[in-house]
1. Please go through (1) part of a loop (DSSP other than H, G, I, E, B); (2) at pLDDT 80 or above; (3) polar (S, T, N, Q) for residue 5 and return the number of the only condition it doesn't satisfy.
2. Take residue 208 and decide whether it is modelled with pLDDT under 70 and part of a helix (DSSP H, G or I).
3. Going by what's in this entry, would residue 158 be described as within 25 Å of residue 417 (Cβ to Cβ) and either at pLDDT below 75 or surrounded by fewer than 17 Cβ atoms within 10 Å (Cβ to Cβ) (or both)?
4. Where the second residue is buried (at least 19 other Cβ atoms within 10 Å of the Cβ) and acidic (Asp, Glu) and the first is under 20 Å from residue 589 (Cα atoms) and lies in the range 411-440, which pairs have Cβ atoms under 6 Å and are six or more apart or on separate chains?
5. Hey, any hits in the range 287-295 for a residue that's assigned to a helix (DSSP H, G or I) and more than 52 Å from the chain's Cα centre (by Cα)?
6. So residue 58 fits all but one of (1) outside any helix (DSSP H, G or I); (2) loosely packed, with under 11 Cβ neighbours inside 10 Å; what number is the exception?
7. Only residues that are in a helix (DSSP H, G or I) and modelled with pLDDT under 80: list them for the range 475-516, please.
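The values are calculated or read from the model by the stated rules, or taken from the named source; none is laboratory data. These numbers were taken from a predicted model, which means no experiment stands behind them. Cβ placement follows ideal geometry from the backbone for every residue including glycine, while neighbour counts extend to all protein chains displayed.
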Amino acid sequence: MKHKSTKRTTVSKVIRLVKRLDSSYLPLMIVTQCMAAVQPYILLWAGSRILDFILEKRSMEETMELVLWTVLGTMVLGMLRWILEGVLSVKRHMLREKVTVAISEKSLQLDYEVLEKQETLEMIHRAKEGMNSNGNIASFCDLLGSVAARLAGIVYSLILFVGACIPVKGVNIKNSDRLTAILNAWWSPFLLLVVCILMLFWALVIQKGDGIRTQKNFDRNVKYNLRIGYFFGFLTRYKEGKDIRLYQMQDMITEGLRECNENNEKNSHIMMREANRSNACRRILNLVLQAASYLYVGLKAMVGLISVGGVLQYVGAFRNFYNGIAGILGVYVDVDVQSKYLSLFEDFMEIENKKYEGTLPVEKRDDNKYEIEFRDVSFKYPNSPDYVLSHVNAKLRIGEKTAMVGPNGAGKTTFIKLLCRLYDPTEGEILLNGINIKLYDYREYMSLFSVVFQDFQMFAFSVAENVATSMEYDERKIIDCIGAAGLAGRLAELPEGIRTNLYQLQEGGVEVSGGEAQKLAIARALYKDAPFVVLDEPTSALDPVAEYDIYKRFDDLVQDKTAVYISHRMSSCRFCNNIFVFEDGRIVQKGSHDSLMLDEDGLYSKLWNAQAQYYQ
């Protein structure tokens, strides 16, 4: 997938995002990093002074005083750093949690049409994978904070090393002592600098190679991690356990998991070999650099240009100077790699909803009279060449009962998705009281509908929260709606009544059967009390007689509303004013039951007669 974000824009966006989530995180991290960076230099400087004091045979009191101040200073800095890192640890965890919440909130805010696309689902998965690997924002901030620490380290190193670069005045250099003259010349430090530049260039090449390999490994593992997550999900998706055991699928699932593990293990071995080669190259670099610095500083000490303690200080300072620059170059490469991970998150967060959301308020009519018209509507799903609905014309009026029947896949559920603006028509238009529904405020328009889809969902909340779809609810109304849906007896058995949690994700959660869940879904539709009520085959798991009883009870409850009953069975047709018969994405027949039965060769008559035994 192509990334739209560049490294520079990623850094700026991450900084703005972190400031919005926690304005104190970045400043606190920079202070902590700089504080951590100064400690080794204090020890380096103090250690070289202590060594010189000993060799110069300074007094015990003077030496111990320096030791005491060194220990005290490092202890104070260490304590402050420990406190700050503890605070940062909590903030880092909260930052990761807030980012996870941001991904979830973005998913919930996307139009259903956008969310249902395969490319969107893939972006969500890749964004989560990126945030869970080296690309999470907290580690990216730590990476940026390390730049401050390394810059501070470079400054500290230069301060400590500058003494080795200044020519010593008053040194008596004999004509034959060319080595001393060269080492004391103003340009001698540049010899060491040339070695340093060459080593840094080599280190940068190694680091870039590591970054490329890390990205390739991430891309290889994304699909395997998705499959592993699916297989491990069986541990908690206990509802699938019946089929697994009944059909003895354990070996097949285990084999799939084993295959994923073998691929991951193969990738891990490849990464390990490549990492070992990189580490070997880095060790050679460090050996060359240490040899160069010891040679330069050691020779200066041998000819008397610096003290023995100075050797410790200057070698350590030069090594830290090199590590600081190499670290910044490494950060530059790591930022490039992590920018690719974070761009997955950014690209997902920047997905725009395509649905036009109008501004017109839905007319609040005292007579509650609404009419919805499908005018020459055709529709095909995104990335599909085939039309699911073709030139559909239909009207739904308040107070009328409409049945939509036809074979599976005829377009009935798609009709309802368009009615509720989960999708917009590919061609044609849908009108509410003569105005295109796109022009209405989206939320107000959605409030007109209570829908129970055939693939309805109950959630791991309380019974009341599932029915009200809110944390706040009218208890009396909840109980009345559950009773009206035919579930009063089961409600009386629940340990906490309407406050009982569904499913076992929460303490005290209970399981409900498919039929009980269907009735709760119907209670949810009743609770919303919208002028349009739609039952989209929610009773498909029930036998025809039980289905008819539910439709009949529901019809009695929504007498003053527009009710739409969708089914490939015919039980809902008896108490409907209008019947739309769907076939191959078209409405092939319209009318009442009696009028449609007159056409003995029509699809409706054939469907009714095929099922008539259930409705006698």
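1. Tallying (1) part of a loop (DSSP other than H, G, I, E, B); (2) at pLDDT 80 or above; (3) polar (S, T, N, Q), residue 5 fails exactly one: (2).
2. On the way: modelled with pLDDT under 70: no; part of a helix (DSSP H, G or I): yes.
No; evaluated as a whole, the condition is false for this residue.
3. Working: within 25 Å of residue 417 (Cβ to Cβ): no; either at pLDDT below 75 or surrounded by fewer than 17 Cβ atoms within 10 Å (Cβ to Cβ) (or both): yes.
No; evaluated as a whole, the condition is false for this residue.
4. Hits for this filter: 413/536; 416/536.
5. Yes, because at least one residue in the range 287-295 is assigned to a helix (DSSP H, G or I) and more than 52 Å from the chain's Cα centre (by Cα).
6. Answer for residue 58: the failing condition is (2).
7. Of the range 475-516, the ones in a helix (DSSP H, G or I) are 475-484, 488-493, 497-499, 514-516.
514, 515, listed by residue number.
Residue-wise test of (1) among the charged types (D, E, K, R); (2) assigned to a loop (DSSP other than H, G, I, E, B); (3) touching a Cys at 6+ places or on another chain (Cβ under 8 Å); (4) at pLDDT below 75.
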position	(1), (2), (3), (4)
518	no, no, no, no
526	no, no, yes, no
538	no, yes, no, yes
542	no, yes, no, yes
549	yes, no, no, yes
574	yes, no, no, yes
